[in-house]
1. Residue check, A:Asp312 against (1) outside any helix (DSSP H, G or I); (2) in contact with a Phe, Trp or Tyr (Cβ under 7 Å, 6 or more places away or on another chain); (3) of a type in the set (D, E, K, R), all met but one. Which one?
2. Look at the range A:253-267 and say how many of its residues are of a type in the set (Phe, Trp, Tyr) and open to solvent by 10 Å² or more (accessible area, probe 1.4 Å).
3. Just a yes or no: is a residue in the range B:398-410 open to solvent by 10 Å² or more (accessible area, probe 1.4 Å) and more than 19 Å from B:Tyr457 (Cα to Cα)?
4. Looking only at the range A:335-360, count how many residues are away from chain B (no Cβ under 12 Å) and in contact (Cβ under 8 Å) with a residue 40 or more places away in the chain.
5. Within the range B:237-252, track down each residue that is open to solvent by less than 10 Å² (accessible area, probe 1.4 Å) and in a loop (DSSP other than H, G, I, E, B).
6. Identify all residues within the range B:150-172 that are exposed (fewer than 14 other Cβ atoms within 10 Å of the Cβ) and of a type outside the set (Ser, Thr, Tyr); write none if there are none.
Protein chains: 2
Amino acid sequence: MREAEVKSLQDLVEITPNLSSHFYNDTIAPHFRARTSLTSAFIPAEFTNWRDEQRAWRETAILFDQSHHMPELFLKGKDALRLLERVGINSFKNFVPGKAKQLVVCTPDGYIIGDCILYCLGEDNFELVSGMAVLNWVQYQAEVGRYDVSIERDDPTPFNPKGARINYRFQLDGPLAGRIFSELVEGEAPKIPFFNTARVRIAGHEVLVLRHGMAGHHGVELSGPYEELAAVRSAIVAHGAQYGLVQGGTRSYFSTIFESGWMAYPVPAIYTGEALRGFREWLPANGWEAQIQLGGSFYSDRMEDYYVTPWDLGYDRIMKFDHDFIGREALEEMSHQPHRTKVTLVWNQDDVVNVLASQFGDGPRYKALELPVSFYGFPQFDEVRNGAGRLVGLSCHCGYSNNYGVMLSLAMVDASSAEIGSEVVLTWGEPSGGSRKPHVERHEQVRIRATIAPVPYAASVRELKSATIGVAARA
Amino acid sequence: MREAEVKSLQDLVEITPNLSSHFYNDTIAPHFRARTSLTSAFIPAEFTNWRDEQRAWRETAILFDQSHHMPELFLKGKDALRLLERVGINSFKNFVPGKAKQLVVCTPDGYIIGDCILYCLGEDNFELVSGMAVLNWVQYQAEVGRYDVSIERDDPTPFNPKGARINYRFQLDGPLAGRIFSELVEGEAPKIPFFNTARVRIAGHEVLVLRHGMAGHHGVELSGPYEELAAVRSAIVAHGAQYGLVQGGTRSYFSTIFESGWMAYPVPAIYTGEALRGFREWLPANGWEAQIQLGGSFYSDRMEDYYVTPWDLGYDRIMKFDHDFIGREALEEMSHQPHRTKVTLVWNQDDVVNVLASQFGDGPRYKALELPVSFYGFPQFDEVRNGAGRLVGLSCHCGYSNNYGVMLSLAMVDASSAEIGSEVVLTWGEPSGGSRKPHVERHEQVRIRATIAPVPYAASVRELKSATIGVAARA
């Protein structure tokens, strides 16, 4: 096959002798979490400084601009809900206008393709936000399954042919976010339970509110017509100033997950198996799925070793066998087997300082730790071993929390090694001096001890993540 | 005076009760070294990663794009050279077409306003690059002195009303830069002594070459019509690839000075004194000079304490009392007094690691060290004390060299404390928890030991900085 003939992901898979190695060395992840320079024309890396911006989401309030980096898909039509039920492992009972959910979709084999935020905007009217692989899967299923739906896609700003978006999107979070929100709303602020929505007016504009947080406090996601972005943002920033509201740049934004525990953008389990050939033929050879960028100390020639299950990511809690969906049979089977479980790893401070200190003098240089976002693969997979040296899990997104003064990572470990407080050892850095990824400097590997902790790591997130807004927070 | 009436720098000085405090707390330096986000639409922070980019200028070659961040001034007319001689402390003997120099200008009191690169493009035809305060001073002197000259200004791209520049500008540097340059040039490559220029053809376009380096090897600065930027860059990048040429982003670019020793953008000594009132009245209240941003552990209510002399910056070597120039009398007087001298400080590794380690746990957080560019004022002034605790100098630009595995800063210290190898103590961080500058997080101060080293720090820079290109480098 000549290069010009490589049109689909399936073509790419067929001409690539070793897909893992290709993704480990020669691709560049298009997602903005890994390439914030793409949105730097719209959102600065830091408004003030990321340390103080992190503090804001624990001590006062922060406003994140999510208008530019996430793809969206609008789904309408009489078969829309039926399609969503067919792909989602979630229950769709009582999924009516005013509700939203974290939609999780799996392959027929029960491995995760991805997750996204799903709004029920109205009867037969849905909006899917983030999760490029999910949006592609939904569109593919709509087409091959002949569902009576219409689909509109809206790409991230830098790739959007219009240079603009349909909707702006903000995240207002932190302990004072609820108060700021309530005061901003014209008239009485509604009480909004977790993952419910409401329509309010702010600065004369109608705003769709979702009770959901990135940093994990009493957060709200606000969206509306893109043309109204500046007016709504100005109103929020102006009113919030008295409460210490700050705007968050990309450095702080992409460091929310370490404290709040969202395992963003897993490897979609679509690269192998005949059952997914049709999807791979449908996907382009230069799309998101063709450009994932593996990184970290764990490497396997088998792509399947990177696939994850709902249990790995803690989504077994939202999986419901109350409807027929793609992957159900395999997942029911899996449910009787041992699982990995999602935990937070708290990195040993001495071992972290050892990595930082290696940047000085002539000794071996370990993989540099950029703060606050330290992962350099997208996704990242670092080996996690127990005291006996056995591989017991994989550590993924890692970074620094100024609020707690710790390096954290989100990991999936065998249930038998997941006891809170127990110690594991992470391998930091890639083998053989590092992969060919251009943003990875030459380095050596080193071991970092880590302690298993709950996920979400932040106690306030565990307490407030699901609380209703508009009522007093639990102290 | 009402705010609307504050039109000139002089107005700002008059209404500001404490100018040092204002600059220390409430301004935001417009220069791109401090705000690389302004040029991020044109130049990424990193092309690969800044560590490998730093290595390139010592081991292979690097191409920096200087097209966007520096202001320029074009000066023509029969009085042009006379004006330059009037403002420059440099000798202008034999300053003919084909020559360039680092122009240094001083106040009547002999304190530095700034420095810039000055090209003699032709008879009565000059180009001044960088050094906003110098460009303003030259234009002001031209106007009040009634010189028969014409002046054209060209602002940095983000502030340029045309959204473009007159010239592109590249820096090609590193041990293989000379070879790459010579092979790129159509026909035989000229021999170009230090700070001489030549006109060559690259990829079919005429290019002006200055033998001058930022990183300090056999560097050349290349410029030409802005429309030809992409064509010339493509040719350089394509040909250089075989030699390991990489492009440098803003993070590595602005970290060249620690190894190569250029004290960029000193505080212009223009805020006080009746002799400069006219200049201050001429300068706008919102220009570059009105927005300098002081930072670091040294703070003084007297603006004069931030002023520097040619000796402080090592420019006494290029000062020549062979012509009449502004400041000459004061400088001749000063030449008989003791001076500070420019040195490199090599920070104690244990003390640096102590600062890095303070980001973890509950203990005091010292001012974070961002790598590779660690200064957070523009300009920065950190106290330097001797063993007895006496203030013996000021440390300015500071940052990290991956090539040497050290934290370095450029400092001005009393000649009596400038012995190579002797130890001083630097105070890191601002007093009282930190200034109000929004990019400075809350922190505590800490002492960092440092050793006096030569400037430039890199031995290769000391050896090759002034070498002719086009002939074999000294090994």
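1. The number of the failed condition is (2).
2. Selection size over the range A:253-267: 3.
3. No.
4. Residues flagged as away from chain B (no Cβ under 12 Å) and in contact (Cβ under 8 Å) with a residue 40 or more places away in the chain within the range A:335-360 amount to 8.
5. Residue satisfying the conditions is B:Gly249 alone.
6. B:Glu152, B:Phe159, B:Pro161, B:Lys162, B:Gly163
Conditions tested, residue by residue: (1) touching a strand residue (DSSP E or B) at 6+ places or on another chain (Cβ under 6 Å); (2) within 12 Å of chain A (Cβ to nearest Cβ); (3) outside any strand (DSSP E or B); (4) open to solvent by less than 20 Å² (accessible area, probe 1.4 Å).
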position: B:Asp362; (1), (2), (3), (4): no, yes, yes, no
position: B:Glu370; (1), (2), (3), (4): no, yes, yes, no
position: B:Ser395; (1), (2), (3), (4): yes, no, no, yes
position: B:Thr427; (1), (2), (3), (4): yes, no, no, no
position: B:Arg436; (1), (2), (3), (4): no, yes, yes, no
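Condition check ((1) more than 14 Å from chain B (Cβ to nearest Cβ); (2) modelled with pLDDT of 95 or more; (3) under 20 Å from A:Ala177 (Cα atoms)) across all residues:
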| position | (1), (2), (3) |
| --- | --- |
| A:Ile420 | yes, yes, no |
| A:Val440 | no, no, no |
| A:Ser460 | yes, no, yes |
| A:Ala472 | yes, no, yes |
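The values are calculated or read from the model by the stated rules, or taken from the named source; none is laboratory data. Because the structure is a prediction, the values reported are computed rather than measured. Because the Cβ atoms are built from the backbone with ideal geometry, glycine has one as well, and the counts that use them run over all protein chains shown. Remember, those area values only see protein heavy atoms, side chains included, never the ligands or the DNA or RNA. Shrake-Rupley method; radii C 1.70, N 1.55, O 1.52, S 1.80 Å.
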